[in-house]
Every structure is written in structure tokens, then in C-alpha cells.
Amino acid sequence: MKRSLSYSIAALLLVLISCDYKPRNQGRVLYEKECQSCHMENGQGLGKLIPPVAKSDYVVNHREGIACLIRNGIEGEMMVNGQLYTGKMAGNSQLTEIEINNLVHYILVDLNDQKDPYQISEVRAQLERCKQ
Amino acid sequence: MKQRIYWKSLSVSLLLIGFLAEGCEESASRPLPLLGPYEVNDTIIDGMLNTDTTFTAVRPFSFTDQDGNEVTEVTTNGKVYITDFFFTSCPTICPKMKQQMLRLYNDFEDNDDVIFLSHSIDPKRDSVARLHDYAEKLGISSERWHLMTGERDDIYSMAKHYMIAAQEDKLAPGGYAHSGAFLLVDKSKQIRGIYDGTSAEEVDQLKEDIQKLLNDEAQP
């Protein structure tokens, strides 16, 4: 009986997990884990508090700066889609180069319709420049 | 033998799923519970222990909002209100909570009977000026949504009174650990629901419950 109970719990868990299971790429998973709480589920941001990372002219124009922005954070005035933001975003020292690569790729390609894949050589060169 | 266990476990799990699903359905038409605050009084009647639960109202309080107005329990007279605890430099769940509360704020824009009280648990950094700046960037008015600060101890004891977890914690991101709960309080200052303010689904439920309270109270 005990055994059948544990089997049934396992079966139930399996059902629940498989209902929720959707294949996702790492960039998206990282975005949801590290960034979504502030930049929101579709990257739309929040009012004048947090700038959008989807359809963001800042992202598109700062392809060579985003890896460093994620690593070291950013604060002070910035213009995004014509709106002034004066917030503060903390850096993230935990993400590996590959994770940053996949994250930025997701933001550029999925959230900003860019065509060129983001490459690990770009990430490495960038992070080398902004090492603190 | 294996086969049998399999069928047994399958049927047990189907049963479990059935129970869960039924639980969901029931909640659609349920009346809202009374959740407190309450007092428990033990009395001895004829030598028997008698435990009485009396529902009381949310206790008086006094805080200052983003425009420097004093906000007290009188502010909530005749209002249904939604309340939470946050801080402006919170790096984790607060933006999500504010996004969801903003949704409710906009949904009930035309209803003066619904107001919002957000307590900052970071009185050191969240001055009135800073709350003002935050409110402006969020695009909200202190007529209907008060971002409040006050004496540190008053804020934390109020969180306790509302049964919401909030504390200073050097190890937590931003220096504070707190729950993302939204509380629904009715016109007689009774707590009628607790929701996860970071979950769009739960906030949808909250929206329905606010409407339900307004409808119920509209009837004599």
C-alpha cells in the first residue's frame, strides 16, 4: 500500500510536470529568472521606473555594451525610446560568459527582432574591456 | 504484480486529480472568508473551557504618504482597500507587485470606493520625497493610492497585525525580506482575502473578489 501510494504520488507529479513542460532556450529561462521581475514578462518595463528591453532603441544601439551592462549594472540618466530613466540596476557577477551570450541573444533576437546571432567572441571581447 | 501496482497508482492519482479539480470549481462561487483580525478569548463556563473567536477591525494607524498627507484608518472609512508592503529599491519581487497593483488601480479607476495602501518597509531610504518620485514614475495619484512611510516600529507592527511577513535581513537582496502578498480589506475593516501580488492569475482572482465585495455591499 505504501508503495502504491508513492507510485501514485510520482505519477501525479509526472502529470503536473508534463502539463507545465515547454521546451525553452536558456536565454529565455535566464531572462525569466534574472530579469523578468523588473523588466516584466514581455520585456515591456514598468512606467517611467524601469525601461523596456523589448523593442528598445537603447538595446539595438548598444549591442557592443550590453554584456558589460549586465555584468556591471548601470545607473543614472538614460534615454530609452524617447523616455528619460534615472533608475539603478545592479550588476550580475554570477552569470558565465555563455549565459550572458544566450541571454543577450534572446534579448536581441527574440525581443528586438535583430537578425545577427550574438556570439561568444563578442561577449569575451566586451567583458575584457569592462573588467572591474 | 507490477501491472497491478501501476493500475492502482493510476487510479489513486486520477482520484487525487479529481479532488483537486473539484476544489477549483468550488472556489468560483464561494463567499469571501473572514480572515481577521480576530481575538481568541478563553472563558470557563460551568467548569468547561469555552473558546470564543471574535472578529475585530483592522486597528488604528497613522502613516505619511507620497504627498505628505497623513493617512489613518479614517482614510479607509467606507472604502474597500488593497494593501501591501514593499520598498522602492527592492531588486526582486516589488516591481512585479507594483505592475500588478497598477493593473488593479487602472481597472478600478472610476471607483472612489476602492483605494490602495502600500507600506514602505525601508523608512531609512524611502523618504516622502523618494516615494513622491516613485509615485510620479509609476503615474499614480495619492488620491487613490498611498505610498506610505512612518516610524519603523509602527510599520513592522502593522505588517504583523495584517499577518504579512516583513523584516530587515542583511542577507536578502536589497536588505529586506518580505512577502509579496496583497490583502483585501472590506468596508468594515475585515481582511477578506490574501493573494500573491506577483501572480497575474491570483491578482485576476483578487479583481473578481473586489467586484464581489462591492456588489454585496451595494445590496441593503
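The values are calculated or read from the model by the stated rules, or taken from the named source; none is laboratory data. No experiment lies behind these values; they were computed from the predicted model shown. Ligands, DNA and RNA are excluded from the accessible area calculation, which covers all protein heavy atoms including side chains. Shrake-Rupley method; radii C 1.70, N 1.55, O 1.52, S 1.80 Å.
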What share of the DSSP beta bridges in chain B is antiparallel, in percent to the nearest 5?
70 percent
Chain-alone versus full-assembly comparison, segment B:67-95, residues with accessible loss of at least 30 Å² (1.4 Å probe):
B:95
Can you send over the carbon and sulfur percentage of the accessible area for segment A:27-132, probe radius 1.4 Å, protein chains only?
50 percent
In chain B, lysine pairs 8 or more places apart or on different chains with C-alpha atoms under 20 Å apart total 16
Report the B-A buried area as the accessible area lost on both sides summed, probe 1.4 Å, in Å² to the nearest 100.
1700 Å²
Tell me the mean residue ellipticity at 222 nm calculated for chain B from its helices only (DSSP H runs of n ≥ 4, each -39500 (n - 2.57), averaged over every residue, nearest 500).
-12000 deg cm²/dmol
For segment B:63-218, what is the accessible area per residue in Å² when the probe is 1.4 Å?
41 Å²
